[in-house]
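Can you keep this structure in mind? I'll have questions shortly.
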Amino acid sequence: MRSAEARGAARGAARSAARFDLPEVDDFTRPYWDAAAEGRLLLRRCRAEGCGAAHHYPREFCPYCWSEDVGWEPATGRATLYTWSVVHRNDLPPFGDRVPYVAAVVDLAEGPRTMTEITDCPAPELRIGMPLVVHFRGAGEGGEGNGGAEGNGGAEGAAVAVPVFRPA
């Protein structure tokens with residue numbers, strides 16, 4: 001049996017390995033993350049007669065009419081800035097190494113509103129309604145990295161690219 005000190009050290013090491021910036025990739029979301037790794041943004045669109053609404057984040061049903069007849073489609077990658085906040089403190093790894101950063105809500109050209117990060121633009125230059133374009137933060141950029149089965153995330157060892165936005 002391990003000592004309490006050894007158990008505490010093991011728990012501390014596990015916490016330090018946890019990543020809070022990586023998604024959990026599963027069979028349903030894998031097409032989304034595979035496309036992101038190729039530099040493409042996907043949305044889900046309802047195919048039910050009379051609906052046709054696009055939605056994001058990916059869900060297995062339409063959040064408007066509840067139809068399960070939804071499919072993946074490419075997005076243009078264009079958006080407009082709806083709102084933002086400058087984050088000056090975040091204790092979750094690896095966000096603490098990124099502060100300050102801009103957390104934002106953007107309206108995608110296809111209609112859905114989504115949360116993201118704004119990069120490549122000083123916060124004082126941000127304006128509501130400004131045009132944005134998606135780009136993808138990949139392995140090793142700005143604290144992102146390869147996922148792993150350990151910790152939060154779990155991209156099963158594959159490189160994960162996360163969509164973020166910058167001025168168009």
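When the Cα atoms of region 59-98 are enclosed in a convex hull and the volume is divided per residue, what value in Å³ results?
Numbers: hull volume 7.0 nm³, N = 40.
With only Cα atoms used, region 59-98 gives 175 Å³ per residue.
Once you put a point 7 Å from the Cα of His88 and another 7 Å from the Cα of Phe28, both along the Cβ direction, what distance in nm separates them?
According to this spin-label approximation, the distance is 3.9 nm.
Name the trypsin sites (Lys or Arg not before Pro) in region 42-82 that are in a loop by DSSP and that have at most 14 other C-beta atoms within 10 Å, would you?
Numbers: sites: Arg44, Arg45, Arg47, Arg59, Arg78; in loops: Arg47, Arg59.
Answer in residue order: Arg47, Arg59.
Follow-up question, since we're still on this one. Along the Cα→Cβ direction, 7 angstrom out, place labels at Phe20 and Asp120. What is the inter-label distance in nm?
With each label point 7 Å from Cα toward Cβ, the separation is 2.8 nm.
Gain in length, Arg166 to Trp72, computed as 0.36 nm per residue apart minus the alpha-carbon separation, to one decimal in nm?
31.5 nm
Every read-out reported here was derived from the displayed coordinates using simple, explicitly stated rules and does not represent laboratory data. Note that the structure is a prediction, hence the values are computed from the model and not measured. All Cβ positions, even for glycine, are placed from backbone atoms using ideal geometry, and neighbour counts span all protein chains on display.
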